[in-house]
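Notes follow the structure.
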Amino acid sequence: MNAQGDPSGTASPPSASAGSSTRFERQKQRILDAATLSLNQKGVWGMTLQEVASALDLGTSSVTYYFKRREHLAAAVFEASLSRLAGLAEQAGREATPRARVARYMELYFAQYASALRGECRPFAILSEIRAMEEGVRSALIGQYQEIFRTVRAFFGDVATEDRKRLLTARAHILNEALFWSEVWLQRFAIGDFPNVRQRMLAVFDGGLVTPGTRWEADVIALDAAPDAADQEDYLRVATRLINDFGYRGASVERITGDLKRAKTSFYRHLEGKDELVAACSRYSHYRLASLRRLADQERSSAWDRIATTLRSALALQFRGEFPLLRSSALQAMPASVRQRAVERSERTALGLMGHLVWAMHDGSVRIVDPLIASHIVTSSIDASYDLRGWRTKLPLEQAVDTYMTVLATGIFDPE
């Protein structure tokens, strides 16, 4: 707690004149602008007070006057973004119907992103980095996000029963995560095309992927270890789970070897260091997802059955949580080159899925929707499903997978 009694570690403005108070707030907002850009590029632990100060041509003491520690500044960045996101959700929630609320929410989100690209406002902080914060602050920020999530879930109506609550939770989760992930692929489009892109994205949500009446068969495929990863697999399993839970910095060598009850020297017999470990986790997750697709292609004849089998198997991995696929959004604090390769792998996965969707549209099992946008929605949904493990534990695994898949297959709205 700082001298003014503020637990966030931010200073209170001078109590002189309205003019000095305005200058104080303007400078504070400038610091938050620079810190948000730095955090989005390098993660919580890559951002430094010195770098933020340098970006504004200030001395470090000018930043520490407002934010005593880096953790205080990072918390303020997240709080500001969460407050803005809450405003969007609350505004959209005033619309009359679920479709109108979702459409308005998407419109407001796309408009904020476009304004940030034009340099007219601060971008949203990458919220997945909240997991890298210290425990007390992380819990408070997650609580703030959960309030937003409940507002978004309410777009779809009341949660009258537990089954209804679980269904609406899956809908809100898929919607939010698809919007957050859209900032990765929206960069390919001109800002002037955003309204059209938004409508094509909404078309996927409104009706889902599958043509009404389509039936499908989908099993859960078991994966064997890759031959060249067998010696490393224990480390990859624990590291993947820790990175998904706590971000890049949370997967320390000490934590990984402690979980496995092994000496640190054993780690370095298999891997040279932390960056190599995280890069290996990314490569191995990509390999495992590609293996699911390959096995589904061998077992299923129709395009949609191949997609559904891959999706069902990937969701089962994420919901079990024992050895999940690595979350792309958990890689923010990685070295830039390693992070870029991980994002490229995610995009290749989406492009491969897009080809399957086109074939499924050709045979009539999948609706005519934008296949690129649809593939990214599916990819982000697999990626983010790991965060619903608590939701899943209240259901048999098969029922949890079916509920989540149904939202993607049939859409996020009740049939009319």
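Read-outs throughout are calculated quantities, based only on the coordinates presented, and are distinct from any laboratory measurement. The shown structure was predicted, so the numbers you read here are calculated from the model rather than taken from an experiment. In this analysis, Cβ positions are derived from the backbone assuming ideal geometry, glycine residues included, and neighbour counts consider all displayed protein chains.
Tell me the residue from Ala203, Ala172, Ala178 that is closer than 18 Å to Gly411 by Cα, free of Cβ contacts under 8 Å to residues at least 40 places away in the same chain, out of contact with any strand residue (DSSP E or B) (no Cβ under 9 Å at 6 or more places or on another chain) and in a helix (DSSP H, G or I), please.
Numbers: Ala203 fails: free of Cβ contacts under 8 Å to residues at least 40 places away in the same chain; Ala178 fails: free of Cβ contacts under 8 Å to residues at least 40 places away in the same chain.
None of the others qualify; the one that does is Ala172.
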Checklist outcome for this item: Among the residues of segment 281-301, the number that are crowded, with 21+ Cβ neighbours inside 10 Å and of a type in the set (A, V, I, L, M) is 3
Item to check | Number of the exception - Phe323 against (1) closer than 22 Å to Leu209 by Cβ; (2) assigned to a loop (DSSP other than H, G, I, E, B) | outcome: (1)
Checklist entry - Tell me, which residue of segment 95-127 that is part of a loop (DSSP other than H, G, I, E, B) and in contact with a helix residue (DSSP H, G or I) (Cβ under 8 Å, 6 or more places away or on another chain) is surrounded by the fewest Cβ atoms within 10 Å (Cβ to Cβ)? => result Arg118
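Residue by residue through segment 25-58, note down the ones that are outside any helix (DSSP H, G or I), under 26 Å from the mean Cα position of the chain (by Cα) and over 19 Å from Phe180 (Cβ atoms).
Listed by number, the residues that qualify are Trp45, Gly46, Met47, Thr48.
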Next on the checklist: Every residue in segment 130-168 that is crowded, with 16+ Cβ neighbours inside 10 Å, without any contact (Cβ under 8 Å) to a residue 12 or more places away in the chain and not aliphatic (A, V, I, L, M), please.
Outcome noted: Arg138
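Which of the following residues is in contact with a Gly (Cβ under 8 Å, 6 or more places away or on another chain), part of a helix (DSSP H, G or I) and not aromatic (Phe, Trp, Tyr): Ile256, Ile243?
Every option except Ile243 fails the conditions.
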Checklist entry - Here are some conditions: (1) in contact (Cβ under 8 Å) with a residue 12 or more places away in the chain; (2) in contact with a helix residue (DSSP H, G or I) (Cβ under 7 Å, 6 or more places away or on another chain); (3) not in a helix (DSSP H, G or I). Arg345 meets all but one. Which one does it not meet? => result (3)
